[in-house]
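The values are calculated or read from the model by the stated rules, or taken from the named source; none is laboratory data. Every value quoted in this text rests on a predicted model; they were computed, and no experiment measured them. Neighbour counts are summed over all protein chains in view; Cβ atoms, including those assigned to glycine, are modelled from backbone coordinates with ideal geometry. Note: areas computed on protein heavy atoms with side chains; ligands, DNA, RNA excluded. Shrake-Rupley method; radii C 1.70, N 1.55, O 1.52, S 1.80 Å.
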Amino acid sequence: MGGIAALIVAAGRGERAGTAMPKQYRPLAGRSILRRAVEAFERHPDISMVQVVIGASDHEDYQAATKGLDLLPTLAGGHSRQHSVLHGLQALTAKRPDFVLIHDAARPLVSRALIDRVIGALPDADAAVPLLPVSDTLKKLIDGKWTTVPRDGLNRAQTPQGFRFDAIVKAHREFAGHDMTDDMALAELAGLKIVGVQGEENNMKITTPDDFARAEALLGGGETRTGFGFDAHRFAAGDHIWLCGVKLPHDKSLEGHSDADAGLHALTDAILGAIGAGDIGQHFSPDDERWRGASSDKFLAHAAKLVSEAGGAIVHCDVTLICERPKIAPHREAMRARIAEILGLEVSRVSVKATTTEGMGFAGRGEGLAAQAIATIRF
Ligand code: CTP
Ligand code: MG
């Protein structure tokens, strides 16, 4: 088939990064690290196919992170980076590309210029690798004694590393089990012709917790948008209400076409507002029988999906419930936890507050309750 393939390895667990989910699924200025890395190759005009290798349990995160991108069907990696690369190369064998660029998903800031340099150097070599000279003085502890390692001629290797496809597949098969941390190491073992190209300081690998903030700073922080939502429902006879995704026992119910969860409705509208996607009624018409008695978590999850499709990430939301009764405080933590669960956020990024109106207005008279919400989205 020919052409240039990109192989992106994303099957690591990110243990040194200290996050709950593997680091490549964390947002960086609003877009996941994986998506940023993958997009750089998917958009490149000289790259005809992109293969991503992921962790066996990461399918859902992967789907969310790569919505709308044109990629080869994903496959599971192995227990080391080298295994993951080999799995990817084996899958690409059927496509018979001329060249392959192998890239760490953990390097989301790879530039178009760097990809161009690697591709540009390939026709004359078996391998082209971005390198940067070491500038710090290097120290090694040997048997409890510090010694200085001469840094002359030492370089740091980055990705993407480009290879003649047949040559790197052969090297990977021949030296399987050596457990090298990059693919140039296998090219070295196989005696391939390797050329260095200029690497980039900004093409950092996200490895430790500090690296997230450093990478965000390099991105200039991205764009932040906020959206506001409001909703009110009338009380009727009943014995429970739904608020912020939690069922509360009460001596009344709330009237509405769906479950009348004013908290989730206000928040759904806030999220839709932040991405200019209309309001909840446009997406879930009150005339539509499908939504009669519907659980409002569906509406909120749909709004969150639209955000990720638009390339954004919800980073914070704040809901204020306005009612005299029921008392919200005992349920506040359950509400935060439920919203965090629906949106896939840490609980610390979700706020639920409550207030009365001192007996004034419809909420004060107990005719119904209202909710306001703000959502913050980063792109
Ligand atoms: N990788 C992989 N399969 C593995 C291990 C690593 O595909 N079994 C990928 C990672 O997802 C990452 C790249 O190889 O994109 C570089 O690895 P590294 O930075 O070490 O990432 P992790 O292995 O995820 O992190 P850690 O070593 O801290 O657990
Ligand atoms: Mg690792």
**Overall dimensions of the stretch 193-232 by Cα: Rg and Dmax, Å** = 18.7, 69
**Request:** Evaluate the Kirkwood expression for the hydrodynamic radius of the stretch 219-260, namely the inverse of the mean inverse distance over all pairs of different C-alpha atoms, and round to one decimal in Å.
**Result:** 12.7 Å
**Request:** Rank these residues by their accessible area, most exposed first, probe 1.4 Å: E324, E367.
**Result:** E367, E324
**Request:** Calculate how many DSSP beta bridges within the stretch 1-158 are antiparallel, expressed in % of all such bridges and rounded to the nearest 5.
**Result:** 40 percent
**Message:** My understanding is that a pair violates if its Cα-Cα distance is over 20 Å; which of K139/K205; K252/K298; K95/K205; K247/K353; K67/K205 do that in this structure?
**Reply:** K139/K205; K252/K298; K95/K205; K67/K205
**Fill in**
Per-residue accessible area, 1.4 Å probe, largest first, puts D61, D166 in the order D166, D61
**Prompt:** Of all the Cα-Cα pairs you can form in the stretch 299-373, what percent are over 21 Å apart?
**Reply:** 36 percent
**Asked** Over the stretch 70-222, what is the relative contact order in whole percent, taking alpha-carbon pairs under 8 Å and six or more residues apart?
**Response** 32 percent
**Message:** Distances longer than 19 Å among the Cα atoms of the stretch 52-160: what percent of all pairs is that?
**Reply:** 62 percent
**Item:** Per residue value of the accessible surface for the stretch 259-379 (all protein chains in place, 1.4 Å probe), Å²
**Value:** 44 Å²
**Message:** For the stretch 88-235, take N as its residue count and report Rg(C-alpha) divided by 2.2 N^0.38 Å.
**Reply:** 1.43
**Fill in**
Contour minus Cα-Cα span, A94 to L189, at 0.36 nm per residue, comes to 31.7 nm
**Prompt:** Rounded to two decimals, what ratio of Rg to Rh does the stretch 100-159 give with C-alpha atoms and a Kirkwood Rh?
**Reply:** 1.13
**Message:** Once each part is reduced to its C-alpha centroid, what is the distance from the stretch 254-331 to the stretch 169-239 in angstrom?
**Reply:** 31 Å
**Request:** May I ask for the angle, rounded to the nearest 10°, between helix 81-93 and the longest principal axis of the chain, with both axes built from Cα atoms and the value confined to 0 to 90°?
**Result:** 90 degrees
**Request:** For E289, tell me the accessible area in Å² from a 1.4 Å probe, rounded to the nearest 10.
**Result:** 110 Å²
**Sites H240 and R173, calculated FRET efficiency, Cβ-Cβ separation with R0 56 Å, nearest 0.05** = 0.35
**Message:** Just to verify a number: FRET efficiency for R43 and D210, C-beta to C-beta distance, R0 = 51 Å, to 0.05?
**Reply:** 0.95
**Request:** On the full set of protein chains, 1.4 Å probe, figure out the accessible area of D152 and give it in Å² to the nearest 10.
**Result:** 140 Å²
**Probe 1.4 Å, accessible area per residue of the stretch 4-99, Å²** = 42 Å²
**Item:** Counted charge near I206, where neighbours are those whose Cβ lies closer than 11 Å (Asp, Glu -1; Lys, Arg +1)
**Value:** +3
**Prompt:** Taking the Cα atoms of the stretch 55-103 alone, what are Rg (to one decimal) and Dmax (as a whole number) in Å?
**Reply:** 11.8, 32
**Request:** Just round it to a whole percent: the fraction of Cα-Cα distances in the chain exceeding 41 Å.
**Result:** 30 percent
**Complete:** Stokes-Einstein D for the stretch 181-284 (10 °C, 1.306 mPa s, Kirkwood Rh from Cα pairs), in µm²/s, comes to 83 µm²/s
**Prompt:** Normalised by the number of residues in the chain, what is the relative contact order in percent for Cα pairs under 8 Å and 6+ residues apart?
**Reply:** 16 percent
**Message:** How large a share of the accessible area of the chain, in percent, is made up of carbon and sulfur atoms when the probe is 1.4 Å and the other protein chains stay in place?
**Reply:** 51 percent
**Request:** Just read off the accessible area of R36 with the full protein assembly in place, 1.4 Å probe, to the nearest 10 Å².
**Result:** 30 Å²
**Complete:** Per-residue accessible area, 1.4 Å probe, largest first, puts I194, I4 in the order I194, I4
**Prompt:** Based on DSSP H runs of at least 4 residues, each adding -39500 (n - 2.57), what is the mean residue ellipticity at 222 nm of the chain after dividing by all its residues, to the nearest 500 deg cm²/dmol?
**Reply:** -8500 deg cm²/dmol
**Item:** Where labels lie 7 Å past Cα in the beta-carbon direction, separation of K67 and L141 in nm
**Value:** 4.7 nm
